[in-house]
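The values are calculated or read from the model by the stated rules, or taken from the named source; none is laboratory data. This structure is a prediction, so every number in the text was calculated from the model and none was measured. Note that each Cβ is placed from the backbone with ideal geometry, even for glycine, and that neighbours are counted across all protein chains shown.
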Amino acid sequence: MCSRREADTYIERGWVKVDGVVATLGERALPNQTITLDKSVATQQTALVTILMHKPMGYVSGQAEDGYTPAVALFKEENRAQTDRSPFKFNRNQLRGLAVAGRLDIDSTGLLILTQDGRVARQLIGEHSEIEKEYLVRVQGRLAPGKLELLNEGLSLDGKKLKPAQVRWQNEEQLQFILREGKKRQIRRMCEMVGLKVLGLKRVRIGRIALADLPVGQWRYLRQDERF
């Protein structure tokens, strides 16, 4: 229903009741008790925005770093895609609580998700998330026999076995990766382990949401009828 931080806010505003009595922060509820939320919660959650952005190279996806600009700096009205038909109107207040859900390296491009909604963040990057992320990866080098199978099933990073991936050649210079996890620089490290050098990396899909024709450096709102 919400993140822990959001739940605290709802309780502080008196929107949560236990057996019909307004709850207080820290109060314990027993399994047989009924917890209800005020209708104001649904109104507030509907107002939360999720942004789809085509991140360019050279931008960091998270907090600003020395000499680099965070991707959230592109969230300006003039960068909104002309094809965006969402009823949401741009408002600077939408920057409040807007966080990246699934990082993208500074030297990578493609689909980046920023959201105010803890439910969306948990779905995409939560501990038990199984959402697919699809990448197109331009590489240099040739795979020895058995190495493609290794990319799909057999690699470990940082002492832990990776989840099975779907990796196949798109053409002589480009691989398609479909992953269900997102360790730091995972694809680049996987390629290095089988003798390939990554020349370019682009994320083109997260779950059921595709980058499609969203221009580089521009963004649009996630529509109410769209689901990851």
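Results, tabulated for the structure shown:
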quantity: Condition check for Gly217: assigned by TED's automatic domain parsing to the domain that holds Val60 and on the phi > 0 side of the Ramachandran plot; calculated: yes
quantity: Scan of the stretch 131-159 for residues that are among the basic types (Lys, Arg) and within 20 Å of Arg103 (Cα to Cα), ordered by number; calculated: Lys133, Arg138
quantity: Residue list for the stretch 18-29, restricted to those being crowded, with 16+ Cβ neighbours inside 10 Å and not small (Gly, Ala, Ser); calculated: Val18
quantity: Members of the stretch 104-140 that are over 20 Å from Tyr221 (Cβ atoms), among the aliphatic types (A, V, I, L, M) and buried (at least 21 other Cβ atoms within 10 Å of the Cβ); calculated: Val137, Val139
quantity: Count - residues of the stretch 100-133 that are under 20 Å from Gln224 (Cβ atoms), over 9 Å from the mean Cα position of the chain (by Cα) and among the aliphatic types (A, V, I, L, M); calculated: 1
quantity: In the stretch 71-97, the residues that are of a type outside the set (D, E, K, R), closer than 22 Å to Arg5 by Cβ and surrounded by fewer than 17 Cβ atoms within 10 Å (Cβ to Cβ); calculated: Asn91, Asn93, Leu95, Gly97
quantity: Total residues in the stretch 1-33, condition under 16 Å from Asp117 (Cβ atoms) and either in contact with a Cys (Cβ under 6 Å, 6 or more places away or on another chain) or of a type in the set (Val, Ile, Thr) (or both); calculated: 1
quantity: Residue in the stretch 39-59 that is surrounded by 11 or more Cβ atoms within 10 Å (Cβ to Cβ) and over 23 Å from the mean Cα position of the chain (by Cα) present; calculated: yes
